[in-house]
Amino acid sequence: MKGDIAFSSLIPIALQPNQTITMDRVELFMPLTNVSATFSYRPEAFHLASAAADVAGGKAALDALDYAFAPGSITKGTLRLTNVDVTPLIAAAGLADKVSTSARIDGVVPFTVGPEGVRFQNGRIAASGPGRLSVKREALTSSVGVAGTTVAPPNAVQDFAYQALENLAFDQLDGTVDSKPMGRLGVLLHVKGRNDPAQVAETRVGVVDLIRGQAFDKPLPLPKGTPIDLTLDTSLNLDELLNSYFNGAGPAGEDAGN
């Protein structure tokens, strides 16, 4: 950390306005580099004029905010993301075994910090360009209970949805970020793209099955290039994730995603 700090008072401690420090690297669950912050300090509050850092190949910045030290105080702020690679974010959330992606996002995410912890409200994110998204079938089937031996396998229509999420090349991805009850962080995504599997399988429907109305009773390959327009509602236990990290236990594990 580098900086020259000018005091306006020693008792009580207070800083002159617009003090600046820089940090080469901060080790968090997402490492931050080239960190800079401009701030001032008074006995009753810490004022952040601006802060910025490189993160996941992109930029993150905080708008000006005031952090009051009085018990029960709530601090309001806004996080701005520019061209951030989603892959390290997914890994930090402990979801790399369920979700993979090739995407960069921009976003404006308002938040509060108070007695309940960190909470987000009406955040907006969007991919800065085309990319890919893959949600493993096991993550989907285990959450809805179709993977067990006592449950009937999905029909063709249900299986189309699984295939679409396994091999999705998107042209547009945007969504909202909001906190939910019990400390969960909800992300509602709208994705438009196409089915783009690595291997192409021909979709065949038997004439007899078609006549009997059984054409979609069993899974069929979703044709490559099929247009996809879907809404994906997901959440993770942010409070548990942060508690696990700052207590030295690492990612929150299987309960992080749902």
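The values are calculated or read from the model by the stated rules, or taken from the named source; none is laboratory data. As the structure is a prediction and not an experimental result, all values here were calculated from the model. Reconstructed Cβ throughout: ideal geometry from the backbone, glycine too, with neighbour counts over all protein chains shown. When the accessible area is computed, the model is the full protein with side chains, heavy atoms only, and any ligands, DNA or RNA have been set aside. Shrake-Rupley method; radii C 1.70, N 1.55, O 1.52, S 1.80 Å.
Would you confirm whether any residue within the stretch 39-48 is in contact with a Phe, Trp or Tyr (Cβ under 7 Å, 6 or more places away or on another chain), in contact (Cβ under 8 Å) with a residue 24 or more places away in the chain and small (Gly, Ala, Ser)? Looking through the stretch 39-48, at least one residue is in contact with a Phe, Trp or Tyr (Cβ under 7 Å, 6 or more places away or on another chain), in contact (Cβ under 8 Å) with a residue 24 or more places away in the chain and small (Gly, Ala, Ser). For the stretch 73-85, residues that are more than 12 Å from the chain's Cα centre (by Cα) and either more than 27 Å from GLU44 (Cβ to Cβ) or among the basic types (Lys, Arg) (or both) total 4.
With the structure loaded, tell me whether LEU133 is at pLDDT below 95, open to solvent by less than 30 Å² (accessible area, probe 1.4 Å) and either outside any loop (DSSP other than H, G, I, E, B) or closer than 27 Å to ASP54 by Cα (or both) or whether it fails that test. Spell out how you get there, then give the answer.
On the way: at pLDDT below 95: yes; open to solvent by less than 30 Å² (accessible area, probe 1.4 Å): yes; either outside any loop (DSSP other than H, G, I, E, B) or closer than 27 Å to ASP54 by Cα (or both): yes.
Answer is yes for this residue.
For the stretch 13-32, the criterion of being surrounded by 14 or more Cβ atoms within 10 Å (Cβ to Cβ) and in contact (Cβ under 8 Å) with a residue 40 or more places away in the chain is met by at least one residue.
Checked against the criterion of being under 14 Å from the mean Cα position of the chain (by Cα), at pLDDT below 95 and of a type outside the set (Lys, Arg), the candidates PRO88, PRO153, PRO115 yield just one match: PRO88.
SER73: in contact with a Pro (Cβ under 7 Å, 6 or more places away or on another chain) and either farther than 30 Å from ALA127 by Cβ or among the charged types (D, E, K, R) (or both), yes or no?
On the way: in contact with a Pro (Cβ under 7 Å, 6 or more places away or on another chain): no; either farther than 30 Å from ALA127 by Cβ or among the charged types (D, E, K, R) (or both): yes.
So SER73 does not fit the description; no.
Of the residues screened, SER50 is one that is part of a strand (DSSP E or B) and of a type in the set (S, T, N, Q).
Could you list, in sequence order, the residues of the stretch 71-98 that are part of a strand (DSSP E or B), touching a Ser or Thr at 6+ places or on another chain (Cβ under 7 Å) and crowded, with 18+ Cβ neighbours inside 10 Å?
none
Among the residues of the stretch 52-64, at least one is modelled with pLDDT of 95 or more and farther than 25 Å from ALA93 by Cα.
Select from the stretch 60-70 the residues that are under 16 Å from ARG124 (Cα atoms) and either open to solvent by 60 Å² or more (accessible area, probe 1.4 Å) or part of a loop (DSSP other than H, G, I, E, B) (or both) and list them in ascending order. Quick ask: steps written out before the conclusion?
Here is the first cut: in the stretch 60-70, the ones under 16 Å from ARG124 (Cα atoms) are 60-63.
Within the stretch 60-70, ASP63 is the sole residue that qualifies.
Applying the set (1) outside any loop (DSSP other than H, G, I, E, B); (2) farther than 20 Å from THR176 by Cβ; (3) at pLDDT 85 or above to PRO110 leaves exactly one unmet item: (2).
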